[in-house]
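This report refers to the structure that appears directly beneath it.
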Amino acid sequence: MFENDKFSKILDAAMALPDGKEVLDSWMSRYSLPLVLSTVTREMDAVTKALRLTINDITPEFIDSWSLDSTAGTAGRDKAPVTLEILRCASQTRRAGEHNKVKKDPSAFCYEMLGSLGNHRSQASMNTQAIQGLFVWATGCSRQIIDVLQKTGFCISYDSVLKLVNNLASCSIEQARIVARGPHALCWDNINISTSIFTEQRVNGPSKVRSGTVAVLYKLPNAKRSDMLLAPMLERAKKAPGLSFNADIRPTPDQSASFNAQLLVHILRMLFLFTKGWELYEGLPEFQHLARRRQLPPGYCTEQFPVRASTIEEASVEGNIAVPEDIMRRKDVNPFTRMEVFQQAFGLFHLCLNLIWALLHIHRGSLKQLGSLTYFFTLLDKARLGSEHPDYHTLLAALMQILNGLVLSAWKEECGHASFEAFAASKPTPQELLAIAQQILYKYYDSPDATGSAGRSGTQRPVPQDDNPHRNLRILTRDLLYVVELIRAISDGDIGRIEDILGSLAMMFRGAGSNNYCTEILHFLHNLKHVWTPEFA
């Protein structure tokens with residue numbers, strides 16, 4: 001009876017009958033539970049083994065390639081299909097399983113539960129817990145919260161997280177050592193760490209804030225070792241002429257034309273972003289930024305290698321000299337100690353930061369001055385912008401809101417329709433939109449010479465070109481367009497677009513009284529055009 005599947009066919013036939021199915025269900029209920037339990041035990045043993053690792057096994061490369069689906073998900077599908085189906089069935093109703101295919105897919109939840117069960121069976125099975133422990137630590141969870149999550153099987157303990165962080169730091173240092181042997185860029189900035197407010201008040205006691213410096217090494221995507229030779233640059237530096245305003249600082253006709261084209265795109269994008277009906281226009285090639293020189297490939301992300309933070313404060317000349325000596329080498333002699341091996345440049349974020357601070361200094365004005373930044377801040381009910389150096393993101397958001405409003409106001413005046421909806425419904429051609437944007441640029445944002453309102457009689461009608469608030473507003477809008485172009489060029493990774501406006505930015509910094517940053521830009525332009533070899537530049 002047990003040969004050739006005869007018994008199985010008998011059971012299949014009995015199961016097809018209503019009475020037979022009832023009898024078989026009653027019989028199987030007495031023996032199915034031990035069968036399921038033994039199957040789950042066997043599968044979970046395999047899952048626990050598959051997810052087993054140690055803290056020393058976790059490296060930056062492991063973290064980059066890690067995902068919940070490739071770890072716990074793969075272990076569940078390959079090692080524990082029955083257990084995974086049980087969890088899937090328990091996590092949703094039958095109706096939800098039939099209809100919810102995307103919005104409420106329980107797969108990630110089941111993989112997480114599978115990883116937690118494996119960790120509960122063995123602390124060494126921490127493939128998911130280690131990564132999640134890093135996540136909750138990096139997001140600022142307290143020690144108590146992390147230890148509570150460890151008890152639930154979500155992550156490893158707080159002490160284990162700190163050990164893992166220390167191991168990863170050592171791995172990062174090894175990676176940075178390898179990168180430092182080849183072409184790379186080294187950047188550093190100050191860091192302020194808040195300690196406990198309940199510090200002991202005594203002589204030489206701990207401070208509430210600890211200051212230091214953190215440095216990051218970046219791989220240069222197109223650099224060659226032959227282009228990094230110092231001797232040709234030193235030779236060129238000896239023969240390099242001084243900067244010429246007409247040849248080196250003032251934008252060339254090509255750079256001016258490129259900058260004008262980029263501004264037209266910005267003006268059009270503000271219209272598309274804040275009004276409706278332009279969905280078909282946004283992707284047209286006429287409304288895209290013109291690529292300039294040395295643009296990074298689409299989707300490229302610069303590889304970065306942070307090194308350990310130090311307690312050296314870099315907010316001084318001595319500190320900036322001490323930082324590379326501490327990071328790169330110690331007690332070295334020759335060109336390194338003379339800082340000749342470092343080809344210096346400003347940081348792009350600091351350029352944006354100091355630029356908007358400089359513009360705030362120029363255009364702050366007072367509440368009584370129409371068109372001043374103080375007037376707009378009050379009008380928009382903006383707070384925390386009264387200091388000399390307010391928060392970067394807060395100030396930038398306020399400036400962009402002001403610029404967007406000014407641009408939309410200009411579009412409203414020049415579009416020739418009663419509303420933006422009617423303007424969009426008229427379906428203007430790309431050439432017509434570009435022509436209107438060019439008209440807006442010349443009419444509202446150019447800064448022609450003006451004598452001001454002095455000398456005008458009280459009965460004479462104000463002329464826009466002679467109206468000081470109007471003139472100041474045009475200059476403010478022009479300056480904010482430089483900010484938009486700089487930020488967008490950095491975001492697009494187009495170094496050529498940044499180079500096109502460096503001369504103008506140097507003049508803006510000089511006019512704002514930021515002589516140090518003006519000098520930084522001029523020093524960079526001198527190196528770029530006269531000192532560095534063309535291959536290095």
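How much length is gained if the chain between LEU296 and CYS89 is pulled fully straight, taking 0.36 nm per residue apart and subtracting their Cα-Cα distance, in nm to one decimal?
Numbers: separation 207, 0.36 × 207 = 74.52 nm, distance 4.81 nm.
Full extension from LEU296 to CYS89 adds 69.7 nm.
What are the equivalent ellipsoid semi-axes of region 351-415, built from the alpha-carbon gyration tensor (square roots of five times its eigenvalues), in whole angstrom, biggest first? All intermediate terms of the calculation are to be shown ahead of the outcome.
Numbers: eigenvalues 88, 40, 22 Å².
Equivalent-ellipsoid dimensions as semi-axes: 21, 14, 11 Å.
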Amide H contacts under 5 Å for ASP189, placed H, 5+ residues apart: VAL214
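Could you give the Stokes-Einstein D for region 235-375 in µm² per second, using the C-alpha Kirkwood radius, 10 °C, 1.306 mPa s?
Numbers: Rh = 21.1 Å.
In µm²/s, the coefficient is 75.
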Dipole-positive endmost among GLY493, ILE131, ALA237 within the chain (Cβ charges, Cα centre): ALA237
The chain, dipole about Cα centre (Lys/Arg Cβ +1, Asp/Glu Cβ -1), debye to the nearest 20: 580
Label-to-label distance, nm, for residues given as ARG177 and SER122 (7 Å Cα→Cβ offset): 3.3
Helix 18-28 vs. the chain, principal-axis angle (Cα, 0 to 90°, nearest 10): 90
Cα gyration tensor category, rounded, prolate or oblate, for region 241-321 with a/c compared to 1.5: oblate
Dipole-positive endmost among LEU433, GLY371, CYS415 within the chain (Cβ charges, Cα centre): GLY371
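Quick one: if the Förster radius is 35 Å, what FRET efficiency do ALA345 and SER211 give, using the C-beta to C-beta distance and rounding to 0.05? Let's see the in-between values first.
Details: r = 24 Å, r/R0 = 0.69.
Computed FRET efficiency for ALA345 and SER211: 0.90.
Could you give the dipole magnitude of region 21-116 about its Cα centre, charging the beta-carbon of Lys and Arg +1 and that of Asp and Glu -1, in debye to the nearest 20? Could you put the intermediate results ahead of the total?
Numbers: 13 positive and 13 negative charges, 87 e Å.
My answer is approximately 420 debye.
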Where the Cα pairs of region 31-151 fall when distances are cut into 10 Å bins, in %: 12, 39, 34, 14, 2
Kirkwood-Stokes translational diffusion coefficient of region 475-514, alpha-carbon pairs, 4 °C, 1.567 mPa s, µm²/s: 123
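Under 13 Å from the Cβ of GLN150, count the other residues' Cβ atoms, weight Lys and Arg +1, Asp and Glu -1, and hand me the total.
On the way: positive: ARG143, LYS151; negative: ASP147, ASP159.
Computed value for this residue: 0.
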Theoretical ellipticity at 222 nm over the chain - DSSP helices of four or more residues, -39500 (n - 2.57) apiece, nearest 500: -17000 deg cm²/dmol
Across LYS49/LYS79; LYS49/LYS151; LYS239/LYS529, pairs whose alpha-carbon gap is larger than 19 Å: LYS49/LYS151
Cα→Cβ-extended label distance, 7 Å offset, between ALA240 and ASP254, nm: 2.1
Whole-Hz couplings from phi, Karplus 6.51/-1.76/1.60, listed for region 507-513; x for Gly and Pro: 5, 5, 5, 5, x, 7, x
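Computed from the coordinates by the stated procedures, all read-outs in this text should not be read as laboratory data. All figures in this text were calculated on a predicted structure; none of them were measured in a lab. Because the Cβ atoms are built from the backbone with ideal geometry, glycine has one as well, and the counts that use them run over all protein chains shown.
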